[in-house]
Amino acid sequence: MNALQKVDSEIYDSIKKEEQRQSLGLELIASENYISKAVMEAMGTVLNNKYSEGYIGKRYYAGNEVVDEVENLAIERAKALFGADHANVQPLSGSPANAAVYFATLNPGDKVMGLKLTHGGHLSHGHPINFSGLLYNFVQYGVDEETGLMDMDKIREIALKERPKILVVGFSAYSRNVDWKTFKIIADEINAITFADIAHVAGLIAGKVIDSPVPYFDIVTTTTHKTLRGPRGAIILCKDKYKQAIDRSVFPGLQGGPHDHITAAKAVCFKEAATKEFQKYSADVIKNAKALSAALMARGYKILTDGTDNHLMVVDLRNKEMAGRDAEIILDKVGISISRSTIPGDTRKAMNPSGIRLGTPAVTTRGMTDKEMADIAGFIDQALCSHNDEKKLARIKESVEELCKMFPLTDFIPR
Ligand code: DSN
């Protein structure tokens, strides 16, 4: 980054500080990961300079022969990786991808059904302050407040009563396998379109360690930067029947020129995700999540659903007399990044809810295993128990840094 250092030392210094933070801290935010040098290199290229509104062979600007090649590779690799009929690789991020799906299939005011944010859903699945909830008539389903699980009978009951035009299935804080097949059966009973948002688990699906909705669902979106370990962005996969509507909805409906450097990086990410190494990585992510949740439960922490099938877990802190944001601040002091999370039926406000969400994609990328998960559970417990003891917190931070130094990010942070 010599040029950057010369032109803008302030931004250069900030990036270096962030590299240091990422190197020496434990990243347990379930939606974050470290991308490979290859993905990062693809992002910082001349492809950034191009305008290519439109699609392959039908661009609004000249000089897109190479961009066509890049976009074609990204599309073909996405289709092969997920077994999809069609892929649109232009969405800029997760919410815009979801907006494109709604624009392609609904009229304002149409009825849609999605999982509540406070039960582990996502803002773009119908939250009243999000465009989804403002533009469409969303009915929300939840999880069972006792078990934390999706209750398929209850979901069917709501679907049959409300008869939404789309059944949205996806989450940002749910730790169990989703019964995609039963969702499809329910949707078929009411002729609803099936739309899965697999942003959190796309890497685990690509790595073939959990079930995929792609064979059953009409439309599937995912971001590319979470478990999939690619650049910040998204894609839409769909059955041939929706191909035209989805493409028109992304462009010219919603976006202008695609970000071709990001499209290239998506293609690289799909190539990496199709390898045996990535399959092992995905299996290890789940192994580590199970180990971390077991180690926390052994220390008296309540994990929603008593464990996990994927990369994340939600810890209900009510028995620890601590709220989620307070835990987030304490853990940040010792170099552990986590995110606060509501728990189903939470009586606290969303800004300082009753839980925290932890995930293992990033620490697994570093090469950590179940042994380190036990150490991490120990650090979390010690930090939360000694939150008033600054000296003790400083010692825990040192131990966190020592652990991180044993698992350097050499293949993931450019030197
Ligand atoms: N912000 C993401 C997450 O943390 O789950 C979802 O978009």
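The values are calculated or read from the model by the stated rules, or taken from the named source; none is laboratory data. It should be emphasised that the depicted structure is a prediction, and the values quoted were computed from it without experimental measurement. Neighbour counts run over all protein chains shown; Cβ positions are idealised from the backbone, glycine included. Only protein heavy atoms, including side chains, enter the accessible area calculation; ligands, DNA and RNA are left aside. Shrake-Rupley method; radii C 1.70, N 1.55, O 1.52, S 1.80 Å.
Table for the structure above
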item: Span from the the stretch 92-171 Cα centroid across to the the stretch 302-337 one, whole angstrom; result: 25
item: Prolate/oblate/rounded call for the chain, Cα gyration tensor, a/c under 1.5 rounded; result: oblate
item: Among 204-214, 384-394, the order from most to least packed when residues are scored by Cβ within 10 Å on average; result: 204-214, 384-394
item: Cα-centre dipole for the chain with unit charges at Cβ (Lys and Arg positive, Asp and Glu negative), debye to 20; result: 60
item: Cut-off under 5 Å, modelled amide H: who pairs with residue 340 long-range; result: 357
item: Shape of the stretch 321-402, Cα gyration tensor, a/c cut at 1.5; result: oblate
item: Built amide H within the under 5 Å cut-off of residue 93, gap 5+; result: 234
item: Computed lengthening from residue 37 to residue 66, 0.36 nm per intervening residue step minus Cα-Cα distance; result: 8.2 nm
item: Rel. contact order, % - alpha carbon contacts under 8 angstrom, at least six apart, the chain; result: 23
item: The stretch 313-415: relative contact order in percent, alpha carbon pairs under 8 Å with at least 6 residues between; result: 28
item: Surface accessible to a 1.4 Å probe, per residue, for the residues of the chain, Å²; result: 44
item: Antiparallel DSSP beta bridges within the chain, as percent of all bridges there, nearest 5; result: 55
item: Amide H contacts of residue 169 (H built 1.01 Å from N, under 5 Å, at least 5 apart or other chain); result: 195, 196, 197
item: Cα gyration tensor category, rounded, prolate or oblate, for the stretch 195-298 with a/c compared to 1.5; result: prolate
item: Protein accessible area in the chain, 1.4 Å probe - carbon and sulfur %; result: 52
item: Extension gain, residue 56 back to residue 11 (0.36 nm per residue minus Cα-Cα distance, nm); result: 12.6 nm
item: Net lengthening on full extension, residue 80/residue 157 (0.36 nm per residue, minus Cα-Cα); result: 24.2 nm
item: Centre separation in Å (Cα based) which lies between the stretch 5-46 and the stretch 254-296; result: 17
